[in-house]
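**Q** Before I ask anything, here is the structure I am working with.
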Amino acid sequence: MWDKVKRRFDRRRLVLIAALALVMLYVGWRTGGFETQPEQKPCVEGRNEIKDKDGKVVQVTRTTCFEDKK
């Protein structure tokens, strides 16, 4: 059984697999594939009123959206 394992994972094959893994890591690093940023929620403009249990307005919040300049 040990001979089958040795034949299946000989030195050339292991070196080839390691080299391919290193190339894939390098390409992923250089292309920014590991820098994932979560998507931002879309901005919703408007006025938000917070009321107490009697129905009176306690706080008013206004939201203004700006475009990102990248």
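**Q** Out of every Cα pair in segment 2-63, what percent are spaced more than 13 Å from each other?
**A** Percentage above 13 Å: 79.
**Q** With charges only on Cβ, +1 for K and R and -1 for D and E, what is the dipole size of the chain about its Cα centre, in debye, rounded to 20?
**A** So the dipole magnitude of the chain works out to roughly 720 debye.
**Q** Next question. Along the positive direction of the dipole of the chain (beta-carbon charges: Lys, Arg +1; Asp, Glu -1; about the Cα centre), which of Gln40, Ile50, Ile17 reaches farthest?
**A** Comparing the listed Cα positions along the dipole, Ile17 ranks first.
**Q** If you don't mind, another one. In the neighborhood of Thr64, defined by Cβ-to-Cβ distances under 12 Å, what is the net charge if each Lys or Arg adds +1 and each Asp or Glu adds -1?
**A** Summing Lys/Arg as +1 and Asp/Glu as -1 gives 0.
Readers should treat all values here as calculations from the given coordinates under stated rules, not as data from a laboratory. Predicted model only: the values in this text are computed from it and were never measured. In this analysis, Cβ positions are derived from the backbone assuming ideal geometry, glycine residues included, and neighbour counts consider all displayed protein chains.
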